[in-house]
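Note sheet for the following structure.
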Amino acid sequence: MTEFEALILEEDPVPCNVKDCHECELYKHDSRMVWGEGNPAAPIYIVLDNPGAREDKEGNPYVCGTRQTLQRGLAEAGIDLNFIYVTYILKRKPKRAYDKPMTRKICIRHLEQQLIHGSPKAVICLGNVSVQSFFRNPDAEVKQLRGAWYDANGWNTAVSYHPLAVRRRPNLYPYFLEDLKFVSEFFNKTYE
Ligand code: SF4
């Protein structure tokens, strides 16, 4: 896969009222909260499992492989970066073992509030963790659900593979791109 020149999207600050959230055990993992990046007023919300690193070891901002592959796919599908906001099921990156079902169930409440506030036209869940959490179905899988729109808790939702999985398995890239084009075509038809 050729390297794509990705941009560092502006981070959306964590709202003051949840800044020091201790609602689940992940606050003990010593990773900072990341609320989202990109345009919070965007029509498309992309939901990943949890934030990746935004800074290198020296603390300099950088674009991780997940975001690089995601931006490459968006560019090739013709989706402008101003049209997207990227956020997560978990607002902190886990660093060791934790109670996954319970933590996702707790933290997804922040995402629910974000969605109500941002009111996007579509949600795109990337990866099985995001899909299973958002659809409230532990058996839901990208492989079975891709290529269609669903009503997930009242949100117009489509799915695709996690960009990191796509990066590790380049044979998934054509499917990933197909899914993003599916989203792009829907927007072009609906909002042109
Ligand atoms: S992972 Fe979510 S619920 Fe848990 S402490 Fe962080 S913000 Fe709060």
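The values are calculated or read from the model by the stated rules, or taken from the named source; none is laboratory data. Note that this is a predicted model, so its numbers are computed, not measured. Glycine also receives a Cβ, built like all others from the backbone with ideal geometry; neighbour counts cover every protein chain displayed.
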Within the stretch 72-88, tally of residues that are farther than 16 Å from Glu185 by Cα and under 12 Å from the mean Cα position of the chain (by Cα): 4
Test: residue in the stretch 102-111 that is buried (at least 16 other Cβ atoms within 10 Å of the Cβ), more than 22 Å from Phe4 (Cβ to Cβ), touching a residue at least 40 places away in the same chain (Cβ under 8 Å) and among the hydroxyl-bearing types (Ser, Thr, Tyr): yes
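Table: residues versus (1) surrounded by 11 or more Cβ atoms within 10 Å (Cβ to Cβ); (2) β-branched (Val, Ile, Thr); (3) out of contact with any Gly (no Cβ under 9 Å at 6 or more places or on another chain).
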position: Ala6; (1), (2), (3): yes, no, yes
position: Leu9; (1), (2), (3): yes, no, no
position: Val18; (1), (2), (3): yes, yes, yes
position: His22; (1), (2), (3): no, no, yes
position: Tyr27; (1), (2), (3): yes, no, yes
position: Gly38; (1), (2), (3): yes, no, yes
position: Leu48; (1), (2), (3): yes, no, no
position: Gly52; (1), (2), (3): yes, no, no
position: Lys57; (1), (2), (3): no, no, yes
Near pairs, Cβ below 6 angstrom, 6+ apart or cross-chain, from the stretch 15-31 (without any contact (Cβ under 8 Å) to a residue 40 or more places away in the chain) to any residue that is more than 6 Å from the ligand (Cβ to nearest atom): none
Any hit, the stretch 155-172, residues being modelled with pLDDT of 95 or more, on the phi > 0 side of the Ramachandran plot and more than 15 Å from the chain's Cα centre (by Cα): no
Residue match in the stretch 51-67 (condition: within 26 Å of Lys100 (Cβ to Cβ), among the acidic types (Asp, Glu) and within 16 Å of the ligand (Cβ to nearest atom)): no
Count of the stretch 14-29 residues which are in a helix (DSSP H, G or I) and over 18 Å from Asp49 (Cβ atoms): 4
Residue ID - nearest to the ligand (Cβ to nearest atom), chosen from residues in the stretch 89-108 that are within 11 Å of Ser133 (Cα to Cα) and within 15 Å of the chain's Cα centre (by Cα): Cys107
Residue among Val123, Val159, Val142 that is more than 16 Å from Ile84 (Cα to Cα), among the β-branched types (Val, Ile, Thr) and surrounded by 17 or more Cβ atoms within 10 Å (Cβ to Cβ): Val142
Subset tally (residues that are small (Gly, Ala, Ser) and near the ligand (Cβ under 9 Å from one of its atoms)) for the stretch 1-47: 1
Residue within the stretch 158-172 that is of a type outside the set (Lys, Arg), assigned to a helix (DSSP H, G or I) and within 16 Å of the ligand (Cβ to nearest atom) present: no
Odd one out for Leu90 among (1) closer than 21 Å to Asp12 by Cα; (2) among the hydrophobic types (A, V, I, L, M, F, W, C); (3) touching a strand residue (DSSP E or B) at 6+ places or on another chain (Cβ under 8 Å): (3)
Criterion violated by Pro94 - all others in (1) surrounded by fewer than 14 Cβ atoms within 10 Å (Cβ to Cβ); (2) farther than 22 Å from Lys121 by Cβ; (3) in contact with a Leu (Cβ under 9 Å, 6 or more places away or on another chain) satisfied: (1)
